[in-house]
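A.B. asks: Structure below; questions to follow.
No value in this document is a laboratory result; all are computed from the given coordinates. Bear in mind the structure is a predicted one, so any value in this text is a computation, not a measurement. Positions of Cβ are backbone-derived with ideal geometry, glycine not excepted, and every protein chain shown enters the neighbour counts.
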Amino acid sequence: MTLHWTHAATDGRARAGMLHTAHGEVPTPVFMPVGTAGTVKAMTADAVRSTGARMVLGNTYHLMLRPTAERVARLGGLHRFMDWHGPILTDSGGFQVMSLSGLRKMDEDGVTFQSHVDGSKHRLTPERSIEIQHLLGADVTMSFDECTPFPATHEEAAKSMRLSMRWAARGRKAFVERPGHGLFGIVQGSTFEDLRAESVAALTEIGFEGYAIGGLAVGEGQEAMFATLDFTTPMLPATHARYLMGVGKPADLLGAVRRGVDMFDCVIPTRSGRMGRAYTSRGQLNLRNAKYAEDDRPLDPDCSCPACRNHSRAYIHHLLKCEEMLGPMLLSWHNIHYYQALMARMREAILAGRFEAEAALIEHDWTKDGEA
């Protein structure tokens, strides 16, 4: 059986379910830590597993450049290569290629670009993106698309979206069906409701194992993102997983789950950890601030991660001031752990039919100790 999603409960528009893959089942809603180059930054695979994470993301663009998808395949695939035995989703490389700006040239067939690493020239087409993800061994493969920049006019967004839909059809034909693996289509159309509807119609006619919402978290702001989700998620098949790409902060996750999204990924928890920031059940903390120099409390009294069990805010502040690598490692570990705990809490609330009550408690607690 191909990869698929099954429904467990709905509370309002929030959903709980299960994603069934070749490398195990994943309860949803789910947050996938980002392992860009075959590793979640500053964390071992065992550390990632200890947070409760069940699924991670790999990056087609970065892995095709170093060490190359062909080398990963010869070494047994990405799961073996990075010691991750659970499911892996790989993005298509489209977002990274589109962000190269002056280093790329796009046409109907695909994109030619220069590597940011050594300036070497490469070509990505829908077919080649699918091939790379197949070589990596991804459980979830993503369609190659153009991530429409923001802001964009209606005409620009329409042209971009329709190109992505033609690429989606080509990628579907190139995808090799095998048990427990699947291909997700990506809905584009910027913040325009009619274009999002056209994109959903095109993708559902092609048929995919799941549907992603792309082109958000690119500068439009939370209000516009939520407004776009308000009209986009109801258009998507209720029988399939819904994945919001590249999102986000805890408040973004809560708001998107409220609007019917099942899957998320983002670099924020690890990137913030490297910058000295912690996300907690009582708000966001900047551990570089001098006020934590003698704060003997844990980062989060409700957290059981090693950073909170074994160390104080003062100790982590000290590590950051001394530029010791353990500081960012502990904060990254904590942030991923907190994100997993938040998703589990939301899932339990949906299953119990009390999502909005739990969401109100979560939002209230964020004001207790956090910083603006």
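A.B. asks: Which lysines does Lys173 reach when only Cα atoms under 25 Å apart count, and residues fewer than 8 places away in its own chain are ignored?
C.D. replies: Lys105, Lys159
A.B. asks: For Lys41, which lysines qualify as cross-link partners when the Cα separation must be under 26 Å and same-chain residues fewer than eight apart are set aside?
C.D. replies: Within the straight-line limit of under 26 Å, Lys41 reaches these lysines: Lys249, Lys321.
A.B. asks: While we're here: Collect residues whose amide H, placed 1.01 Å from N in the peptide plane, falls under 5 Å from the amide H of Leu3; neighbours closer than 5 in sequence don't count.
C.D. replies: Gly180, His181, Gly182
A.B. asks: Given the -39500 (n - 2.57) contribution per DSSP H run of 4+ residues, what per-residue ellipticity at 222 nm results for the chain, rounded to the nearest 500 deg cm²/dmol?
C.D. replies: Result for the chain, helices only: -12000 deg cm²/dmol.
A.B. asks: Averaging sequence separations of C-alpha pairs under 8 Å and six or more residues apart, then dividing by the length of segment 1-129, give the relative contact order as a whole percent.
C.D. replies: Result for segment 1-129 is 16 percent.
A.B. asks: Evaluated at 10 °C with a viscosity of 1.306 mPa s, what Stokes-Einstein diffusion coefficient in µm²/s does segment 196-314 have when Rh comes from the Kirkwood expression over alpha-carbon pairs?
C.D. replies: Approximately 96 µm²/s, per Stokes-Einstein.
A.B. asks: Quick one: Thr60, Thr204, fewest Cβ neighbours within 10 Å first, how do they rank?
C.D. replies: Ordered by Cβ neighbours within 10 Å, fewest first: Thr204, Thr60.
A.B. asks: Also, quick follow-up: With no solvent and one equal point scatterer placed on each C-alpha of segment 275-365, evaluate the Debye formula and give log10 I(q)/I(0) for q = 0.11, 0.15, 0.21, 0.24 Å⁻¹, two decimals.
C.D. replies: Cα-only, vacuum Debye calculation for segment 275-365: -0.33, -0.57, -0.94, -1.13.
A.B. asks: Let me ask another. So what does the Cα-only Debye profile of the chain read at q = 0.10, 0.11 Å⁻¹, as log10 I(q)/I(0), no solvent term?
C.D. replies: -0.62, -0.75
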